[in-house]
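Report on the following structure.
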Amino acid sequence: MKERIARITERWFLSEEPLFSAFCTHRVAENREMMCYARVGKGVIEVNPDLCKDISDKELEERLRVEVIRILLKHPYERQPDGCSNTARALGSNCVIGDSYRLQKVEMEKPADFEMPSNQHFEYYARRIQMLLPKDQQGLSGEPDENADIAANWQQDELMAAQVNEAIRQVKAWGSLPGKLVEEIIASTKARVDYRKILAGFRASILSEKRKLTRMRPNRRFGFDAMGSRYDFTTRMIIGVDCSGSISKDDLMNFYTTINRFFQYGIQQIDVVQFDTQLGEVQTLLKASENIKVTGRGGTCFQPFIDFVARHPEYDGALIYTDGFAAKPIIPATMRTPLCWILRSENEFKEHERWMRQSGRVCVIENSRNA
């Protein structure tokens with residue numbers, strides 16, 4: 001088996017630079033126990049010699065190509081979709097590859113097979129497929145099958161992903177890989193916008209501290225003979241929520257769930273105001289809330305919310321949750337409150353990030369029900 005693989009990779013060395021470079025980041029091992037022909041994960045390309053002995057060299061090459069393309073896309077090594085079984089993750093990966101790469105010997109699922117649109121990302125397909133799977137395949141540790149086996153060794157591995165990214169950056173010629181897939185691979189080398197880090201950094205930057213003297217804590221220089229200090233967080237945050245018709249109720253509930261997490265990190269009070277083309281009533285949240293009444297559902301205009309924040313300098317920070325599809329607001333020169341724009345998807349991020357970043361931070365919170 002290793003001789004057959006060696007002949008394949010020798011051809012890749014001459015004409016398929018990205019495949020050969022990605023292949024060289026892993027070692028090859030035989031595994032007769034797995035139910036699939038080949039799989040990748042944990043830095044290893046595994047091949048089942050018993051299953052592969054009866055297939056042609058052409059089919060073996062295609063199956064190895066698929067697994068190496070998974071490496072290039074880093075499906076086995078970047079953040080795994082939450083709540084998705086191995087079967088859903090493998091089929092989601094297949095949809096990305098099948099949508100972009102034509103195979104002759106290997107049958108590969110495509111988005112149309114699941115009545116899903118083309119040009120979506122791995123997480124989108126995996127989560128949608130998870131909801132379509134029969135109940136006996138929805139468990140994260142259900143009965144193994146060929147597809148589940150494919151993703152059995154997938155787990156987030158930043159070091160492995162970094163090694164693959166470095167190999168991708170060195171590629172000079174992309175061989176037979178189609179342009180659509182090349183774009184996907186190159187895009188995968190760019191760091192994902194992690195909303196948790198963005199929001200944590202934003203929260204840390206706006207926390208206001210109020211110093212109080214106390215004899216319960218000793219002074220660092222003079223001990224209990226002098227009063228020490230303690231600091232209470234008094235941060236006030238305002239959040240504008242786009243309730244236009246293009247924002248679904250699921251999107252809003254997903255965002256409000258994220259808002260609730262701020263109460264775990266030193267934010268004691270959050271003011272929330274919903275808006276479409278007009279500003280709604282400001283609601284004050286003193287604790288996590290699950291029952292939120294949604295109003296509005298018209299068009300979108302950011303200016304009323306921006307003007308409101310500018311008129312209220314007592315706020316330490318402002319978040320805006322939106323799909324971004326509205327006229328760019330004018331930021332008043334008197335406004336000093338830091339802004340953070342929050343979008344629903346990476347596609348919206350790519351479309352609006354440039355102009356939004358002129359006035360604040362930008363991140364993405366994807367709804368697991370439709371992402």
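The values are calculated or read from the model by the stated rules, or taken from the named source; none is laboratory data. These numbers come from a predicted model, not from an experiment. Note: ideal-geometry Cβ built from the backbone for every residue, glycine included; neighbour counts use all protein chains shown. Side chains included, ligands, DNA and RNA excluded: accessible areas come from the protein's heavy atoms. Shrake-Rupley method; radii C 1.70, N 1.55, O 1.52, S 1.80 Å.
Some observations on this one:
- Number of positions in the stretch 1-23 that are modelled with pLDDT of 95 or more and assigned to a loop (DSSP other than H, G, I, E, B): 1
Every residue, every condition in (1) in contact with a helix residue (DSSP H, G or I) (Cβ under 9 Å, 6 or more places away or on another chain); (2) modelled with pLDDT under 90; (3) of a type in the set (Asp, Glu), yes or no:
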| residue | (1), (2), (3) |
| --- | --- |
| PRO304 | no, no, no |
| VAL309 | no, no, no |
| ASP316 | yes, yes, yes |
| PHE325 | yes, yes, no |
| ILE342 | yes, yes, no |
| SER359 | yes, no, no |
| VAL364 | yes, yes, no |
| SER368 | yes, yes, no |
| ALA371 | yes, yes, no |
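- Within the stretch 78-129, considering residues that are among the hydroxyl-bearing types (Ser, Thr, Tyr) and not in a helix (DSSP H, G or I), the one farthest from the chain's Cα centre (by Cα): TYR101
- Close pairs (9 angstrom Cβ cut-off, 6 or more residues apart or separate chains): farther than 16 Å from GLU353 by Cα and touching a residue at least 60 places away in the same chain (Cβ under 8 Å) in the stretch 320-340, aromatic (Phe, Trp, Tyr) and assigned to a loop (DSSP other than H, G, I, E, B) anywhere: THR337/TYR315
- The stretch 41-72, residues that are closer than 16 Å to ASN165 by Cα, touching a helix residue (DSSP H, G or I) at 6+ places or on another chain (Cβ under 7 Å) and open to solvent by less than 10 Å² (accessible area, probe 1.4 Å): VAL68, ILE69, ARG70, ILE71, LEU72
- Residue in the stretch 104-121 that is among the β-branched types (Val, Ile, Thr) and either surrounded by 22 or more Cβ atoms within 10 Å (Cβ to Cβ) or farther than 27 Å from GLU183 by Cβ (or both) present: no
- Condition check for VAL273: over 29 Å from ARG79 (Cα atoms) and either charged (D, E, K, R) or at pLDDT 80 or above (or both): yes
- Some residue of the stretch 239-261 being under 20 Å from VAL362 (Cα atoms), open to solvent by 20 Å² or more (accessible area, probe 1.4 Å), modelled with pLDDT under 85 and not in a helix (DSSP H, G or I): yes
- Within the stretch 5-26, the set of residues being surrounded by fewer than 16 Cβ atoms within 10 Å (Cβ to Cβ) and either more than 26 Å from LEU159 (Cα to Cα) or over 28 Å from the mean Cα position of the chain (by Cα) (or both) comprises ALA6, ARG7, GLU10, ARG11, PHE13, LEU14, SER15.
For (1) surrounded by fewer than 16 Cβ atoms within 10 Å (Cβ to Cβ); (2) at pLDDT below 60, each residue gets a yes or a no:
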| residue | (1), (2) |
| --- | --- |
| GLU158 | yes, no |
| ALA161 | no, no |
| ASN165 | no, no |
| ILE168 | no, no |
| GLY175 | yes, no |
| GLU184 | no, no |
| LEU213 | yes, yes |
| PRO218 | yes, yes |
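- Residue within the stretch 76-83 that is hydroxyl-bearing (Ser, Thr, Tyr), buried (at least 21 other Cβ atoms within 10 Å of the Cβ) and under 30 Å from GLU10 (Cβ atoms) present: yes
- If you go through the stretch 78-109 and keep only what is hydroxyl-bearing (Ser, Thr, Tyr), modelled with pLDDT under 95 and in contact with a Lys or Arg (Cβ under 9 Å, 6 or more places away or on another chain), you end up with SER100, TYR101.
- Residue, least open to solvent (accessible area, probe 1.4 Å), within the stretch 309-338, restricted to residues that are farther than 14 Å from ASP242 by Cβ and among the hydrophobic types (A, V, I, L, M, F, W, C): VAL309
- The stretch 27-40, residues that are open to solvent by 20 Å² or more (accessible area, probe 1.4 Å) and part of a loop (DSSP other than H, G, I, E, B): ASN31, ARG32, GLU33, MET35, TYR37
- Extreme residue, surrounded by the fewest Cβ atoms within 10 Å (Cβ to Cβ), among residues of the stretch 132-156 that are of a type in the set (A, V, I, L, M, F, W, C) and modelled with pLDDT of 90 or more: LEU132
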